[in-house]
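Q: Can you read through this structure? Questions will come right after.
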Amino acid sequence: MGYIANTEQQQREMLKTCNASSIDELFNDIPNSLKPKSFDIPAGKSEFEVCTLIQNMASQNYSHLTNFIGGGFYDHFIPSAIDALISRSEFYTAYTPYQPELSQGTLQAIYEYQTDIARLADMEVSNASLYDGGTALYEACQMAISTNRRNRIVMDGGVNPIYKKMLYSYTSNLSIDFCEVSVSHGQSDRQKLFYSLDEKTSAVVLQNPNFFGVIDDHSDIVEKCHSMGILVIQSTYPIALGLIKTPGEIGVDIATGEGQSLGIPLSFGGPYLGFMATNKKLVRKMPGRIVGKTLDNKGREGFVLTLQAREQHIRREKATSNICTNQALCALRAHIYLSLLGKKGLTQTAQLCLDKATYAKKRIKEIPGVDVMESSPTFNEFTISLPLDAGEFAGMMIDRGFAAGFPLGRYYEGMENYLLVAVTEKRTKHEIGHFAEAMEEALCQ
């Protein structure tokens with residue numbers, strides 16, 4: 001707790017500086033009818049008592065549940081070095097600076113983040129980040145529409161339903177035609193998807209791994225789309241890219257995703273981080289800002305806002321986006337996280353997620369009445385079928401100390417008994433075993 005001195009002598013000095021005789025005089029401009037009758041402030045406490053009170057209040061925000069929920073947001077381990085580094089005074093400002101000559105450190109941090117994302121997605125260029133994974137997906141659709149001047153978006157059924165809801169909300173007053181294609185056995189249904197493509201289609205939106213945790217190689221879809229002049233947008237889970245094919249390998253045009261898993265706490269829904277990467281040919285359609293590295297007239301290395309003349313403060317109605325503010329402090333967290341792990345560390349983390357999810361499947365399959373959906377390969381999430389409503393079951397598991405998963409009936413009709421379970425590197429063998437035992441106990445009561 002910070003200490004701020006405020007003695008009576010100091011109060012008198014401050015009032016004298018303000019040319020006021022009393023504290024009440026400072027508020028003379030406020031009519032009495034608008035002043036509070038009473039602040040109802042409790043009696044003072046000692047520092048120890050105040051700290052204890054605040055700690056008890058804060059503890060109510062802390063979940064003591066063992067977390068098996070995913071759905072786009074994951075309980076990954078966050079190295080303590082991240083909090084220590086981002087708490088330095090150099091990084092107090094969370095926004096991209098407008099005065100590059102005064103903000104070299106922040107600009108360099110963003111430049112390094114962009115490099116990380118471009119390498120992670122195996123794409124040519126990244127922007128300085130966006131609000132979150134959902135808005136990044138919307139921005140990608142707008143990029144595609146402004147590129148090929150078509151207004152139809154075909155969306156795979158495996159795209160995160162939260163993102164879809166955001167996408168429909170942002171475009172509710174725009175002339176964009178959406179077509180959703182359901183998945184088949186958890187994977188993209190090629191036959192239905194190809195049938196839905198036409199000369200008005202601007203882009204196909206895919207997700208890998210998709211919302212059901214299924215891994216899919218979309219190379220054939222990309223090839224088909226490109227033969228028709230259609231762009232391909234793929235939302236991806238950054239941790240999974242330690243093992244699966246990258247968007248660049250598959251050949252997609254725009255890669256997006258939620259960066260929360262890169263060293264950002266779950267909190268209460270944010271702030272999070274939307275990342276976006278693309279190829280150089282689309283860079284001038286990209287929303288937000290891009291930091292570049294250059295040399296000054298003395299040959300010294302420096303960092304500048306290379307591309308930003310696409311925003312509302314410069315181009316106004318010609319801007320590509322009006323919601324392109326980036327989450328620079330979250331981007332810094334992601335950069336530090338990726339730097340700490342490195343290429344091998346990211347692969348090891350992804351492998352742990354896969355191995356522990358495989359073990360969890362094995363344990364859950366042994367529970368009578370529970371089926372694990374295994375028609376397609378998965379990463380760290382998988383769907384299970386229960387003999388009762390998944391929402392009701394999740395409530396039963398909370399009483400046993402577990403956040404058991406994401407009830408799919410919340411977004412999908414006819415899937416009321418299905419639960420999406422996520423396993424990260426944080427989940428131990430003991431926790432997974434205890435989780436399976438608690439599931440069996442709940443189903444038998």
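Rule-based calculations on the coordinates, nothing more; no lab input. From a predicted model like this one, the values you see are computed outputs, not experimental measurements. So basically every Cβ, Gly included, is an ideal-geometry build from the backbone, and we count neighbours across all protein chains shown.
Q: How high is the FRET efficiency from Glu374 to Leu34, r the C-beta distance, R0 51 Å, rounded to 0.05? The partial results should precede the final answer.
A: Numbers: r = 65 Å, r/R0 = 1.28.
Efficiency at R0 = 51 Å is approximately 0.20.
Q: Report the antiparallel proportion of the DSSP beta bridges in the chain as a percent, rounded to a multiple of 5.
A: Restricted to the chain, the bridges split so that about 55 percent are antiparallel.
Q: Work from the charge dipole of the chain (Cβ charges, +1 for Lys and Arg, -1 for Asp and Glu, about the Cα centre) and give the residue of Ile69, Pro42, Gly395 farthest towards its positive end.
A: Ile69
Q: Where Lys and Arg each count +1 and Asp and Glu each count -1, what net charge lies around Asn6 among other residues with Cβ under 13 Å from its Cβ? Don't skip to the end; give the middle numbers.
A: Working: positive: Arg12; negative: Glu8, Glu13.
Residues close to Asn6 contribute a combined charge of -1.
Q: While we're on this one: Rounded to whole Hz and in sequence order, give me ³J(HN,Hα) for the range 330-345 from the Karplus expression 6.51 cos²θ - 1.76 cosθ + 1.60, θ = phi - 60°, writing x for Gly and Pro.
A: Values, residue by residue: 5, 4, 5, 4, 4, 5, 5, 4, 5, 5, 5, 6, x, 4, 5, x Hz.
Q: Collect residues whose amide H, placed 1.01 Å from N in the peptide plane, falls under 5 Å from the amide H of Tyr131; neighbours closer than 5 in sequence don't count.
A: Excluding prolines and chain starts, which carry no amide H, the hits are Gly274.
Q: I want to check the label-to-label distance for Lys45 and Asn279. Put each point 7 Å from Cα in the C-beta direction and report it in nm to one decimal.
A: Those two pseudo-labels are separated by 6.1 nm.
Q: For the range 80-337, give the share of DSSP beta bridges that are antiparallel, in percent and rounded to the nearest 5; count only bridges with both residues there.
A: Details: 16 of 36 bridges.
Bridges in the range 80-337 that DSSP calls antiparallel: roughly 45 percent.
Q: Most mobile of Ser202, Ser188, Ser339 per a Gaussian network model of the chain (Cα springs, under 10 Å)?
A: Ser339
Q: Take the Cβ-Cβ distance between Gln351 and Leu53 as r, set R0 to 35 Å, and report the resulting FRET efficiency rounded to the nearest 0.05.
A: Working: r = 44 Å, r/R0 = 1.27.
Working from the Cβ atoms, E equals 0.20.
Q: Taking the Cα centre of the range 80-337 as origin and charging only Cβ (+1 Lys, Arg; -1 Asp, Glu), how large is the dipole, in debye to the nearest 20?
A: Numbers: 25 positive and 26 negative charges, 147 e Å.
It works out to roughly 700 debye.
Q: Taking θ = phi - 60°, what integer Hz values does the Karplus form 6.51 cos²θ - 1.76 cosθ + 1.60 yield along the range 387-400, in sequence order, with x for Gly and Pro?
A: x, 8, 4, 5, x, 5, 5, 4, x, 5, 6, 4, 4, 9
Q: Tell me, what is the FRET efficiency for Ser227 and Glu301 to the nearest 0.05, using R0 = 41 angstrom and their Cβ-Cβ distance as r?
A: Working: r = 43 Å, r/R0 = 1.05.
Step by step, r from the Cβ atoms, then E = 0.45.
Q: Go ahead and set up a Gaussian network model of the chain, Cα springs under 10 Å, then flag whichever of Glu90, Glu431, Glu381 fluctuates most.
A: Answer for the Gaussian network model of the chain: Glu90.
Q: Might you report the magnitude of the Cβ-based charge dipole of the chain about its Cα centre, with Lys and Arg at +1 and Asp and Glu at -1, to the nearest 20 debye?
A: On the way: 42 positive and 50 negative charges, 278 e Å.
Dipole about the Cα centre, nearest 20: 1340 debye.
Q: Could you put Ile384, Ile54, Ile244 in order, starting from the residue whose Cβ has the fewest other Cβ atoms within 10 Å?
A: Values: Ile384 24, Ile54 11, Ile244 19.
Ordered by Cβ neighbours within 10 Å, fewest first: Ile54, Ile244, Ile384.
Q: Working out 0.36 nm times the residue gap between Ser87 and Ser146, then minus their Cα-Cα distance, what length gain in nm do you get to one decimal? Write out the running numbers ahead of the final one.
A: Values: separation 59, 0.36 × 59 = 21.24 nm, distance 3.94 nm.
Full extension from Ser87 to Ser146 adds 17.3 nm.
Q: Could you please report the charge total around Glu199, scoring K, R as +1 and D, E as -1 over all other residues with beta-carbon less than 12 angstrom from its beta-carbon? Spell out each step's value before the answer.
A: Working: positive: Arg149, Arg150, Arg152, Lys200; negative: Asp198.
Net local charge, Glu199 excluded: +3.
Q: Which whole-Hz ³J(HN,Hα) couplings does the range 238-251 yield from phi under the Karplus relation 6.51 cos²θ - 1.76 cosθ + 1.60, θ = phi - 60°, glycine and proline marked x?
A: Along the range 238-251, the couplings run x, 5, 5, 5, x, 10, 8, 4, 7, x, x, 5, 6, x Hz.
Q: Build a GNM of the chain with springs between Cα atoms under 10 Å: which of Glu180, Glu25, Glu199 gets the top mean-square fluctuation?
A: Glu25
Q: How do Glu440, Glu13 rank when sorted from fewest to most other Cβ atoms within 10 Å of their own Cβ? The partial results should precede the final answer.
A: Working: Glu440 16, Glu13 11.
Neighbour counts put them in this order, fewest first: Glu13, Glu440.
Q: While we're looking at this one, here's another question. Past the 17 angstrom mark, what percentage of all C-alpha to C-alpha distances in the range 89-211 do you count? Numbers along the way, then the final one.
A: On the way: 4942 of 7503 pairs.
Every Cα pair in the range 89-211 considered, those over 17 Å come to 66 percent.
Q: So for the range 80-337, averaging the separation of alpha carbon pairs under 8 Å that are six or more residues apart and normalising by length, what relative contact order in percent results?
A: On the way: 513 pairs, mean separation 75.2, N = 258.
29 percent.
Q: Amide H neighbours of Ile153 under 5 Å, counting only residues 5+ apart in sequence or on other chains, H built in-plane at 1.01 Å?
A: Here Asp177, Phe178, Cys179, Ser202 satisfy the definition.
Q: Moving on. How long are the semi-axes of the equivalent ellipsoid of the range 80-337, defined as square roots of 5 times the Cα gyration tensor eigenvalues? Whole Å, largest first. Walk me through the intermediate numbers first.
A: On the way: eigenvalues 194, 82, 54 Å².
Working from the Cα gyration tensor, I get semi-axes of 31, 20, 16 Å.
Q: Work through the residues other than Lys356 whose Cβ is under 11 Å from its Cβ and net out their charges, Lys, Arg +1 and Asp, Glu -1. It would help to have the intermediate numbers written out before the result.
A: Numbers: positive: Lys361, Lys362, Arg363, Lys426, Arg427, Lys429; negative: Asp355, Glu425, Glu431.
Net charge in that neighbourhood comes out at +3.
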